[in-house]
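Readers should treat all values here as calculations from the given coordinates under stated rules, not as data from a laboratory. This structure is a prediction, so every number in the text was calculated from the model and none was measured. Cβ placement follows ideal geometry from the backbone for every residue including glycine, while neighbour counts extend to all protein chains displayed.
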Amino acid sequence: MAKENADRSKRIFVIFLVVFIDLLGFGIIIPLLPTFSQNVLNMSETTIGLAAGIFSLMQFVFSPLWGRLSDIYGRKPIIVFSLAGNVLSYIALGLVFSGVFKSVAVLFIARAMAGFFSANIGAAMAYISDITDKKDRSKGMGIIGASFGLGFVFGPFLGGVLAQRFSYGVPVFLSAFLSLVSLILAMIILKESLPYELRKKSGFGNFNIVAGLNKMKHALQHPNVGFLIVLFFIITFSVANIYSTFQLYAESSSGFSFNIEQISYVFAYMGLIGAVVQGWAIRPLVKVFDERKLLIWGNVIMAIGLGAIPFSHHSIPLLLLSLLLLGVGNGLNQPMTLSLVSKFTGPDEQGGILGINQSLSSLARFFGPAWGGLVYERIGFAAPFLTGAIFMIGGTFLSFKLLHDKFNVKN
C-alpha cells in the first residue's frame, strides 16, 4: 500500500509539473506578444488581438476531439503527443521572436499549433480523476489549480525579465526546453491511468459535432445554470479584453512608458492578487457571506477596476489600486460562478455542464483579445478597459437573478 501511494504521489507530481510548465510557457508569451508584434512585426492592434486569441480558438475547436481520443487510446499517449507538439510550436515561435523568421504568418501558425496541441490540461485532469478516489479527488484537482496559479504568476514575470535583459527569443526557447523536460518526465514516469477494458471501442462513431452543439444549446437553456454559463462567458471575455492591449497601453506615452520588464512586474502583481484571493481569502469569506452575494460584489469590484485603468495614466499608485480591484473582483467571481454551477446541477449532468462552460470560456478568451485589439485601434487606448467594464455592469445585472429565492443554496 505504501509503495502504491508513493507511486501515485510521484505521478501526481509529474502531472503538476506538466500543467505548471504548460501554463508557465503560456504565461511567458503574454507580455512578449503585443510588444514584439507591434515594435518588430509592425502589426496593427486588431491583428495583435487575433494573434493573442487564436490559441484559445484552436483550443475551443479541438479540445473535444482530444478528450475523445484520450477515452479511446488512453491518457498517456495524448499527454505525450501534446507535449511533443508544444515543443515544436515553441521552437517555431522562438524562430519568430529571435528574428530568424520575421513573419506574421509564421507567428499565427505557431500560436495556432500551440492551441491545437493544448490537450494536455484536459488529459491531465482526466488522469488525476483516474488515479484518485472520490475522497482525494478535490485535493488532486486542487494541485492542478495550484499549477495554474503559479504558472500565471511566474510565466509573465519570467518572460518580461528575460526578454528585457537578453532578447525576445530567449524566454520562448526556454519554454520549448521546459516542455521537452516535461515530455521526458511524462514518458519515463507516467503509467497509463485508463485501463484497456474501460476505453471506448466505438472509435469516432459517437463523436458528432451536431450532437455537441445540441448539448451546448441544452446547457445554455438549463433553467438553473444557463444564465451562469453566460455570466462566466462575460467575465472571461471582459478580463481577456486586456490580454493584448494592457501591454500596449502601459508602454505607450498615454500610459506609463514602461519597458517589458516593468510590465512583467505588473503581471506578476496581478497574478499574486488572484492567487491570494482564491488560495486564502475565499474559504473564510464563504463561511460568513452568501456565495451569491460574493459573486455579485466580485462583478461590481471587477467592473470598477477595469473602468479605472485608463484613468490611472501617469499615476502608478492609481494603476496598482485599479489592478488590485480587478484582481480581487475576478478572484471572487470566477470561482463563485463555478461553485454555483456545480451546486445547481445534478451529479449525472455536472461533468457535461462544467465541460461546456470551460469550452465556452475558451471561446471568450478568443473574442476578448480580438475585441480589445479592434476597439484599441479604432476608438482609442481606453476602449478595451471601458467596454470591458460595461460588459461587467451587464453581467452584474444578470447576476441579480441569483437573489431569487430558488437560488438560495442554503435551502
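Of note:
- Packing-based ranking, highest mean first, of 332-344, 213-225 given that Cβ atoms within 10 Å are counted: 332-344, 213-225
- The stretch 208-411: proportion of alpha-carbon pairs further apart than 20 angstrom, %: 58
- Per-residue Cβ neighbour rank within 10 angstrom, fewest leading, V14, V106: V106, V14
- Here the residues S361, S244, ranked from fewest to most Cβ neighbours within 10 Å of their Cβ, fall in the order S361, S244.
- Relative to the current alpha-carbon distance between L318 and A84, full extension at 0.36 nm per residue lengthens the span by 79.9 nm.
- Distance between the pseudo-spin-label points of Q221 and L65 (7 Å out from Cα toward the beta carbon): 2.8 nm.
- Summing charges over all other residues whose Cβ lies under 14 Å from the Cβ of L32, with Lys and Arg as +1 and Asp and Glu as -1, gives 0.
- Top positive-direction residue, dipole computed over the stretch 227-331 with Cβ charges, set A308, S244, V230: V230
- Helical contribution to [θ] at 222 nm, DSSP H n ≥ 4, -39,500 (n - 2.57), averaged over the chain, rounded to 500: -26500 deg cm²/dmol
- q = 0.06, 0.09, 0.11 Å⁻¹: log10 I(q)/I(0) that the Debye formula gives for the chain, counting C-alpha atoms only: -0.23, -0.54, -0.83
- Rounded to the nearest Hz, the phi-derived 3J(HN,Hα) couplings of the stretch 177-194 under the Karplus curve 6.51 cos²θ - 1.76 cosθ + 1.60 (θ = phi - 60°) are 5, 5, 5, 5, 4, 4, 4, 5, 4, 5, 5, 7, 9, 5, 9, 4, 9, 9, where x marks glycine and proline.
- Neighbour counts of C-beta atoms inside 10 Å place D22, D130 in the sequence D130, D22, starting with the fewest.
- With the simple model of a label 7 Å out from the Cα in the direction of the Cβ, L272 to V286 spans 2.6 nm.
- When the Cα positions of I188, F108, S63 are compared along the charge dipole of the stretch 1-193, I188 comes out farthest toward the positive end, with charges on each C-beta of Lys, Arg, Asp and Glu.
- Tail fraction, Cα-Cα pairs, the stretch 1-193, threshold 25 Å, whole percent: 35
- Förster-model FRET efficiency, 60 Å R0, Y265 and M187, C-beta, rounded to 0.05: 0.95
- Overall, the stretch 208-411 carries a charge dipole of about 520 debye about its Cα centre when +1 sits on the Cβ of Lys and Arg and -1 on the Cβ of Asp and Glu, all other atoms neutral.
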